[in-house]
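Report on the following structure.
No lab work stands behind these numbers, since they all come straight from the coordinates. Because the structure is predicted, anything quoted here is derived from the model rather than measured. Using ideal geometry, Cβ is built from the backbone for each residue, glycine included, and neighbour counts are taken over all protein chains shown.
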Amino acid sequence: MSPPPTPAPYTPPAELITAAEAINTPVASVCAVTPGPVGAPGVPPGQKPSIGRIVHYCLGDEAGPRKGEVRPAIVVATRAPDSMMPNLQVLGDGPNDGFDSTTGHGGEHCWRGTVPFGGPDQPGTWFWPPRV
């Protein structure tokens, strides 16, 4: 008995090859990072906060002794003309952060409005979570 014939090699369409190459390309090589103010992390071009996105917030004066610590925050609204200054719900570390109703906060979280873009060393600002 002779072996079965060898099938012809498969050549995928060019658009599939292009898509596969894009998927396997490291993000840093296709997304240049625009430098921000000194000490601030870069912002990928075209990336803007949108409702529901999670960002990091550097606690400001509202946190008392925890000022400067970083907490996760959810973008709840963006406003024209500057969508880079969103309204955030900052998620607190339970009773450790002291967000309570007497200071106008909701206990486990606090609302911050028109928050500027900054960095982990700039209290009262938001920034994108670093890639890990």
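For the range 53-132, the relative contact order works out to 32 percent when only alpha carbon pairs closer than 8 Å and six or more residues apart are counted. Count Lys and Arg as plus one, Asp and Glu as minus one, and take only other residues whose Cβ is under 12 Å from that of residue 114; the net charge is then +1. Stretching residue 48 away from residue 85 to a fully extended chain increases their span by 12.4 nm, per 0.36 nm per residue minus the current alpha-carbon distance. For residue 77, the residues whose amide H sits under 5 Å from its own are 87, ignoring neighbours fewer than 5 places away on the same chain, with H placed 1.01 Å from N.
Taken one residue at a time, the phi angles of the range 109-119 give Karplus couplings (6.51, -1.76, 1.60, θ = phi - 60°) of 8, 9, 9, 10, x, 6, 8, x, 6, x, x Hz. Gly and Pro are set to x.
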